[in-house]
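Okay, so here's the structure we're looking at.
Read-outs throughout are calculated quantities, based only on the coordinates presented, and are distinct from any laboratory measurement. Remember, predicted model here, so these are calculated numbers, not experimental data. Here the Cβ positions follow ideal geometry from the backbone for every residue, glycine too, while neighbour counts run over all protein chains shown.
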Amino acid sequence: MIETVVDVLTTAFLIFGAFFMVTGAIGLLRFPDFYTRLHATGKCDTLGEVAILFGCMIYSAYHGMPFVVFKLLCIILFFFIANPTGTHAIMKAAYKTGVKPWRVGEERR
Amino acid sequence: MNRKDFLSVVVTFLIMYVFWLLLSACIGSHHGIDYIRVVGGLICAGIVTAFSHKHRLLFTGKEEKVLTKAYRFIFYVPWLLWQIILANFDVAYRVLHPKMPINPRIIEFDTTLRGDISRTTLANSITLTPGTITIEVKGSRFWVHAIADKAAEALLVDKTMQMKVAYVFMEF
Amino acid sequence: MLPMQEVFLAIGMTIACTILLSLYRAVLGPGVFNRAAAVNVIGTKVVVLLVIVGYIFERPMFVDIAIAYAALNFIGTLLMSKYLERGEVCSP
């Protein structure tokens, strides 16, 4: 019985994470400017990835692989720090080089 | 080498070696202890410690009351996670709406936080909660790009996040 | 008792389709910054795809490769943004 609960929880986290990843990719295509595209991907990607990896952690914690749980926890902690820092770095480079932000009413770039 | 240098070298070496053992899983495997991995771990941890024990993380001698700050930080993380989940739904709504209601602007503001770690935590939290991304930090002035009015208001007017970070790092 | 093998396969195919969508922005995006951001996004999704492929084939080796690739992607993005900002990588 517990195996069914673990399976359902894992599937729920996986679907939640995959939905946010698809949203991030759609935002990369739809938004009209460089800065707004980074908004869509830099945040939805982080949350979606953490949700998927957390679901995998629950699955392998039940099936008795303790080292895989530790390694996935390392990836999650690294990701919370590394993804926002990468997004900030590339946005700062664009701002310093002179890419102009988009206001409401202009055309797409 | 005085006492603090020696202590930092030993602590760094121990942390690196324990991390190697946990990652290479040479204790839990059923073929017995694999001596190549144990000795290799000693060599690799030694090399990494030789390069990096000068950039100390733990015994820098600059901060005080580390345990209180760590204890409060552990309670800050679940609040941050809840804000991330709530506001990511907001970004997903803006992406999938057929009319795409966005209104991007760049904001500048000043903070009253003083230390390096607290400013880094604030910048990282601003980039993690959807609606705002930190563009630059110069001294105590933050440049932030916001995507809609509601997110910008919550950052400028309410100052919830800045109060929470100031509470965690004990700077009022 | 869900068929977990099929669930992992479906999630893996979804992630592969999103990688294809991001490739459109990497090829087309006007200017170099759009392409750099798209490459960072593709690197993030590849890390997730590696872990899921590890679960499909039931080999725990793929998680180690995912850790190494996550670190490489982070360093690559930071280095590229530093070069684009200053014009040189190591300033004396």
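Evaluate the relative contact order of the range C:4-86 (contact order divided by residue number), counting alpha-carbon pairs under 8 angstrom at least 6 apart; express in whole percent.
About 27 percent, as a whole number.
On C-alpha positions alone, give me the angle between the axis of helix C:32-57 and the longest principal axis of chain C, in degrees, nearest 10. So the inclination is approximately 20 degrees.
Pairs spanning more than 19 Å between alpha-carbon atoms, out of B:K99/B:K150; A:K43/A:K92; B:K65/B:K138; A:K43/A:K100; A:K71/C:K82: B:K65/B:K138; A:K43/A:K100; A:K71/C:K82. When the Gaussian network model of chain A links Cα atoms closer than 10 Å, the mean-square fluctuations of A:A51, A:A25, A:A94 top out at A:A94. The sum of -39500 (n - 2.57) across all DSSP H runs of n ≥ 4, divided by the residue count of chain A, sets its helix-only mean residue ellipticity at 222 nm to -30000 deg cm²/dmol.
Taking only the C-alpha atoms of chain C, Rg followed by Dmax gives 16.5, 61 Å. With the charge dipole of the range C:4-86 set up from +1 on Lys and Arg Cβ and -1 on Asp and Glu Cβ about the Cα centre, the Cα lying farthest toward the positive end among the listed residues C:A37, C:I52, C:C17 is that of C:A37. Between A:F67, A:F34, A:F80, the Gaussian network model of chain A with springs among Cα atoms under 10 angstrom shows the greatest mean-square fluctuation at A:F67. Highest mean packing first, where packing is the average number of other Cβ atoms within 10 Å per residue, the peptides C:13-21, C:82-90, A:54-62 line up as A:54-62, C:13-21, C:82-90. Averaged over peptide B:124-137, the number of partner chain Cβ atoms lying within 10 Å of each residue's Cβ comes to 5. Entry note, chain C: the mean residue ellipticity at 222 nm calculated from DSSP H runs of n ≥ 4, each adding -39500 (n - 2.57), is -29500 deg cm²/dmol after division by the residues and rounding to the nearest 500. Averaging the Cα positions of each part gives two centres, and for the range A:7-58 and the range A:70-86 these lie 15 Å apart.
Dipole magnitude for the range A:2-97: about 460 debye, using +1 per Lys or Arg Cβ and -1 per Asp or Glu Cβ, origin at the Cα centre.
Less than 12 Å Cβ to Cβ from C:E85, Lys/Arg counted +1 and Asp/Glu -1: what total charge do the surrounding residues give?
Local charge sum for C:E85: +2.
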